[in-house]
Amino acid sequence: MSAPVTWPLPAAVDLATLGPLAASISLGAGQSTGIHPVPGHDGWLVKLYHKPADTDAATCLDWLIALPATMPPADRDLVAAAMSWPVAAVVDGGKTIGCILPQAPAKFRATRPPDDTERYLEIDWLARPAASFTRRGLAPPTYRERLRVGHDLVAVCALLGRYGLVYSDWSYSNAFYSTTDHSAYVIDVDGCGRHRMTNIFQPNWEDPHTPRSSPADITTDRYRVALLVARLLTGERAVVHVLHALGDLSDPALTEILRDSLLATTPAQRPAAATLLAVLDGRPYLRMPVDRMPLPPRPAVAAVPTQPVHATAATSPARPGKPATPVRPTADHSGRWAAAVVVALLALIVMAILLAAN
């Protein structure tokens with residue numbers, strides 16, 4: 001069920017007024033202890049933090065909650081369609097302990113192996129080759145369908161960038177996609193920071209220019225959203241394989257801008273998300289000078305060992321329904337003939353010696 005257009009309660013709600021919360025629909029992970037349906041308000045969720053937000057985080061959350069009201073209609077529509085944007089702070093004892101978020105629409109749920117239960121479909125499913133879908137008995141997504149999902153993700157990143165927001169944790173598990181219209185939905189937007197924030201990422205999402213101890217900024221988002229889109233389009237996961245597979249895309253401009261985003265020698269040279277979005281929309285890539293790191297060597301493909309097949313006289317071709325008949329090897333008598341010749345010669349020599357003696 002999708003959330004109603006507007007949150008019916010104030011932008012700050014006391015936890016006690018929500019009543020007893022139902023069981024969490026998500027395992028406690030990241031910054032939250034759980035995400036619970038809001039009693040009496042279908043389509044809305046309450047996310048509870050591990051610890052109360054500090055002053056800066058609480059102030060940023062309040063600013064996020066108020067921001068959509070100041071946006072132009074197109075941005076508000078994108079927020080409603082593609083983002084789990086916070087609509088209220090949850091407070092307890094004067095401290096911000098969580099927030100209210102819209103629940104992702106039902107179209108982002110699907111039945112998937114191995115347990116064949118219906119659940120939200122993380123884009124992790126999409127970041128794999130067509131053969132992986134076929135092995136599971138699923139129809140592989142087309143390139144256009146992959147492109148549609150990537151477009152929505154970059155549109156969200158571009159919107160955040162317009163308002164100076166940094167998401168940082170672009171990854172497989174922080175967005176859903178729909179198998180019906182191949183739209184995307186980004187979650188955990190309440191964790192965004194203004195201009196800079198803690199460098200949050202999952203394994204294999206490290207930014208080579210943003211050390212773990214350094215804060216993430218808008219250039220970090222540019223790298224990670226480009227890597228996410230590149231993985232979705234190529235079906236590859238290892239960065240080195242992604243970089244080479246980008247060369248197989250049908251759109252050279254898209255290959256160039258994604259490689260610029262991933263290989264730029266300085267973060268400032270990474271193309272803006274708005275520029276990547278324009279290329280995804282089919283517009284030309286108005287490329288600024290970008291110094292790239294060298295493309296790493298393409299990994300060698302391990303050869304699959306095969307059993308050599310040799311033609312041999314050991315067996316004859318089998319007739320249908322009849323086992324092959326062994327063929328007895330022909331005996332080689334050449335050694336016996338040579339021995340006989342030698343013996344005969346020796347006999348002649350002996351006889352010649354005897355005659356000479358007589």
Taking loop as defined by DSSP and a crowding limit of 16 other beta carbons within 10 Å, which trypsin sites (Lys or Arg not before Pro) in region 159-196 fit? 196
When the Kirkwood radius is taken over all Cα pairs of region 12-102, what Stokes-Einstein diffusion coefficient follows at 37 °C and 0.692 mPa s, in µm²/s? 239
Contour minus Cα-Cα span, residue 132 to residue 6, at 0.36 nm per residue, comes to 41.3 nm
Heavy atoms of the protein only, probe of 1.4 Å, neighbouring chains included. What is the accessible area of residue 97 in Å², nearest 10? 30
Treating the beta-carbon of each Lys and Arg as +1 and of each Asp and Glu as -1, no other charges, what is the dipole magnitude of region 12-102 about its Cα centre, to the nearest 20 debye? 160
Ranking by accessible area, most exposed first, for 87, 290 with a 1.4 Å probe: 87, 290
At 0.36 nm per residue, and after removing the present C-alpha to C-alpha distance, how many nm does the segment from residue 180 to residue 291 gain when stretched out fully? 36.0 nm
For region 86-117 and region 15-67, what is the separation of their C-alpha centers, rounded to whole Å? 8
Taking the full set of protein chains and a 1.4 angstrom probe, give the accessible area of residue 134 in square angstrom, rounded to the nearest 10. 90
For 256, 118, 206, what's the largest-to-smallest order of accessible area, 1.4 Å probe? 118, 206, 256
Can you sort 24, 250 by 1.4 Å-probe accessible area, starting with the largest? 250, 24
Net charge of Cβ neighbours under 9 Å - reference residue 237; Lys, Arg +1; Asp, Glu -1: +1
Of the accessible area of region 1-147, computed with a 1.4 Å probe and all protein chains kept, carbon and sulfur make up a percent value of 58
Let me have the relative contact order for region 106-281, percent, based on Cα pairs under 8 Å that are six or more residues apart. 25
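The values are calculated or read from the model by the stated rules, or taken from the named source; none is laboratory data. This is a predicted model, so every value here is computed, not measured. Because the Cβ atoms are built from the backbone with ideal geometry, glycine has one as well, and the counts that use them run over all protein chains shown. When the accessible area is computed, the model is the full protein with side chains, heavy atoms only, and any ligands, DNA or RNA have been set aside. Shrake-Rupley method; radii C 1.70, N 1.55, O 1.52, S 1.80 Å.
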